[in-house]
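Here the structure comes first, spelled out in structure tokens, and everything after it is commentary.
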């Protein structure tokens, strides 16, 4: 099995029988050609993976990268009889916002456990971070939150650009402090994501 992976030039770390190796070549030195009864877990995303417990197949991800993700609306809704996901995996706590920033802690075949927070990452944005609807008003675009989700009017209440920017910075501080969430996110629920540098 490891011979086939080496010939296919698979790169990145690999776990063989619950032991970590930085490459297929390193694993081959420990398990020579023809070794039988191997359980091989490839690291597709090129992070360093620690241990994969046999009972639940959860991999801890050592990834210092920060991502901005947008999820489908149902990830921000409470559990229901039709969608009990948050009760089962997130102690009944849905994501507080559709667009959040954070990092991956653990991974399964179909989910990421993520530490996420609200953060304005661009000077202006076209999408509400709370509900995902388009933003058309200039003031809402600065805040990244629409008038309904942010409880603000369409008229610019600020006397100067400096006052507006100070209010946006204060909103950003509040988002980062108050909109923090750690939980499991269904991979197929992630509409978009990008690596960002803060």
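Taken together, the values in this text are just the output of simple stated rules run on the coordinates, not laboratory data. Note that the coordinates shown come from a computational prediction; the quantities given were computed from them, not determined experimentally. Cβ placement follows ideal geometry from the backbone for every residue including glycine, while neighbour counts extend to all protein chains displayed.
So here's what we get for this one:
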{"quantity": "Peptides 131-138, 66-73 ordered by average Cβ neighbours within 10 Å, highest first", "calculated": "66-73, 131-138"}
{"quantity": "Efficiency of FRET from Cβ geometry, residue 30 and residue 87, R₀ 35 Å, rounded to 0.05", "calculated": "0.25"}
{"quantity": "Compactness of the range 159-198, expressed as Rg and Dmax over alpha-carbon positions, Å", "calculated": "15.1, 44"}
{"quantity": "Quotient of C-alpha Rg and 2.2 N^0.38 Å, computed over the range 108-198", "calculated": "1.21"}
